[in-house]
Amino acid sequence: MADYLIVGGGSCGSVLAARLSALPGAEVTLLEAGPAWLPAEVPAELVDPAALPIGPDSRWVRHFPVALADGISGAVPRGRVLGGSSAVNGCYFVRATPRDFTGWPAGWSFDEVLPAFRRSESDRDFTDDVHGTAGPIPVRREPPERLSVTSAAFTRACLDAGHAYCADHNAPTASGVGPVPLNVEGGRRINVAAAYLAPLAERANLRISGSTRALGIVFHGSRAIGVRAVRGGVEEFIAADHVVLCAGAIESAQLLLCSGVGAPAGLRALGIAVVAPLAGVGTGLADHAEIGVPYRLRAGLDDGSVPVLQSMLNDSTVELRPYTRSFEHLADTVHEPRRMLGLALMAPESRGTLSLATADPAQAPVIAYRHLDAASDRAALRAASEVARDVLERMRAAGVVAEIDPDYAPHDDWLRARLGTSQHMTGTCRMGTADDPLAVVGADCRVHGVDGLSVVDASIAPTPISRGIHATAVMIAERAAELMAKDAGAPPSGGSSSVSGVTTLLS
Ligand SMILES: Cc1cc2nc3c(=O)[nH]c(=O)nc-3n(C[C@H](O)[C@H](O)[C@H](O)COP(=O)(O)OP(=O)(O)OC[C@H]3O[C@@H](n4cnc5c(N)ncnc54)[C@H](O)[C@@H]3O)c2cc1C
């Protein structure tokens, strides 16, 4: 029986498995639905930061059907492999700002979480008391001479338009245009499992079970006692003292609902017995709506093989992302002059929902983003479209851009026709005090109303943050591990190198 049974070996599950298995005497089991490649090298398709392996035929992701807004459907990928979405993402590793933590519960102010941010990273460019220098994830920014044609022209155009230069988007006061902190080293995407778990392949109290999908949490009364899981077509019960869901913002919420934790009426309608009546499960879904503005580079110009995003402009309300590939070719290495300037809404008011269509955990849940629902969101994006047009016009005047979206007309229909999402979903199991009717977990990450069950992943962020979520998701897992270690009476673990002894069971 495991002391800790972690469901999901993605960004957060990898951190938690590494940190909890460093606790003296702890037995940790990590279940991952996708392939667990350890102790071998990271699969070659997952290391190139110039491509995202998320195409329709990718074996490293699962695609979920979604409604982005009323009448606009789509599909979103999520990593389905050890490392989770960090194994397939854009390598943008930018922290939330101090202001983003307003509204988070006690224990989660910026000052309180800063040590967890620092523990996660080794910043290769900054070595002050804000950045980490000994953590598992390497973070670096591209120097000016390595910026691609698009990234350099975008930076220049923003500066000419009067935006401030931001040398470090991970500084607490960051705002403006500058290089993106990237979890890339030696030209390779460093996913969280590679950073945290690969060095621990010999740790005997850590068992990693790949290609193993949890189907539901098993309760005795209101205490979680393990999970039902399937591996190679065989279903089994895996017992644990403490079950921790790290299945991501989609599947942690789905697992709770399928297991009887959610709004009672919806559960009963599907024949699911209610274990804990938590109305908030699936209700606080937030993401950064993203408008893709198409344009063309001048013939003969090429970005070469560089990370998909090297520079950006962020003022905490919107983020402009000059991708170095067209959206159609993010998943491969085709070089062509079509480009997309991403225009993302970083402080959205709109909230979506995740619900069940059926009680079967193998079926995808119903995901409605409701992007653009709030009039203030549409107004912010319309205003940001003008900023983006100014930047693109300056890139055209500089001879880098040949053609800008011929239909450019920032009104609501134009926004809807170019609507996408940033893949930064949060809030489906949000953190809050027990007297908050929509809170799902407390500040200790334990699920309200039951024992022996926690959620630790992007789903618990109670409010959307004004940056990409990845660095903050990793921080959430670091902070949760620290709180769990205190709960277990152990001192927090300092780093992955402190671990000893182990055999890992891998698929
Ligand atoms: C294509 C893409 C690009 C992105 N780019 C960026 C970026 O550049 N910067 C940024 O800040 N953010 C980015 N994000 C978002 C960021 O990567 C994620 O928010 C973050 O990785 C989420 O971490 P997580 O631990 O919550 O979930 P995940 O990393 O998704 O991990 C969930 C894990 O749980 C496993 N799992 C799910 N269900 C089960 C089950 N029932 N049983 C067992 N295992 C299960 C999954 O297989 C997966 O490995 C991107 C996301 C995507 C999808």
Within the range 276-293, of all residues that are under 19 Å from His371 (Cβ atoms) and in contact with an Asp or Glu (Cβ under 9 Å, 6 or more places away or on another chain), the one nearest to the ligand (Cβ to nearest atom) is His288
Report every pair of residues separated by at least 6 positions or lying on different chains whose Cβ atoms are under 8 Å apart, first residue within the range 348-365 and buried (at least 19 other Cβ atoms within 10 Å of the Cβ), second among the acidic types (Asp, Glu).
Pro348/Asp287; Pro348/Asp377; Ser350/Asp373; Ser350/Asp377; Gly352/Asp287
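Working carefully through the options Arg430, Arg416, find the one that is open to solvent by 30 Å² or more (accessible area, probe 1.4 Å), out of contact with any strand residue (DSSP E or B) (no Cβ under 6 Å at 6 or more places or on another chain) and more than 22 Å from Ala461 (Cβ to Cβ).
The unique qualifying residue is Arg416.
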Every residue in the range 448-507 that is modelled with pLDDT under 95, of a type in the set (A, V, I, L, M, F, W, C) and touching an Asp or Glu at 6+ places or on another chain (Cβ under 7 Å), please.
Val502
Take the residues in the range 1-38 that are among the β-branched types (Val, Ile, Thr) and more than 12 Å from Val474 (Cα to Cα), then tell me which one is farthest from the ligand (Cβ to nearest atom).
Val28
Selection status of His242, in contact with a Phe, Trp or Tyr (Cβ under 6 Å, 6 or more places away or on another chain) and more than 15 Å from the ligand (Cβ to nearest atom):
yes
For the range 128-164 the number of residues that are assigned to a loop (DSSP other than H, G, I, E, B), free of Cβ contacts under 8 Å to residues at least 60 places away in the same chain, out of contact with any Asp or Glu (no Cβ under 6 Å at 6 or more places or on another chain) and closer than 27 Å to Ser305 by Cβ is 1
Subset tally (residues that are more than 13 Å from the ligand (Cβ to nearest atom), touching a residue at least 60 places away in the same chain (Cβ under 8 Å) and over 13 Å from Leu285 (Cβ atoms)) for the range 445-467
8
Based on this model, can you work out whether Ala344 counts as in a strand (DSSP E or B), within 20 Å of the chain's Cα centre (by Cα) and within 15 Å of the ligand (Cβ to nearest atom)?
yes
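Would you confirm whether or not the range 256-265 contains a residue that is more than 27 Å from the chain's Cα centre (by Cα) and not aromatic (Phe, Trp, Tyr)?
Scanning the range 256-265, I find at least one residue that is more than 27 Å from the chain's Cα centre (by Cα) and not aromatic (Phe, Trp, Tyr), so the answer is yes.
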Kindly evaluate Leu343 against the criterion of being buried (at least 17 other Cβ atoms within 10 Å of the Cβ) and modelled with pLDDT of 95 or more.
yes
Can you tell me which residue in the range 44-69 is farthest from the ligand (Cβ to nearest atom), limited to those that are part of a loop (DSSP other than H, G, I, E, B) and without any contact (Cβ under 8 Å) to a residue 60 or more places away in the chain?
Asp57
Over the range 81-117, the set of residues open to solvent by 10 Å² or more (accessible area, probe 1.4 Å), at pLDDT 95 or above, more than 13 Å from the ligand (Cβ to nearest atom) and among the small types (Gly, Ala, Ser) is Ala106, Gly107, Ser109
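The values are calculated or read from the model by the stated rules, or taken from the named source; none is laboratory data. Since the structure is predicted, the reported quantities are computational estimates derived from the model, not experimental observations. For neighbour counting, all protein chains shown are included, and Cβ atoms are generated from backbone atoms with ideal geometry for every residue, glycine included. Ligands, DNA and RNA are stripped out before the accessible areas are found, and what is left, the full protein with its side chains, is counted by its heavy atoms. Shrake-Rupley method; radii C 1.70, N 1.55, O 1.52, S 1.80 Å.
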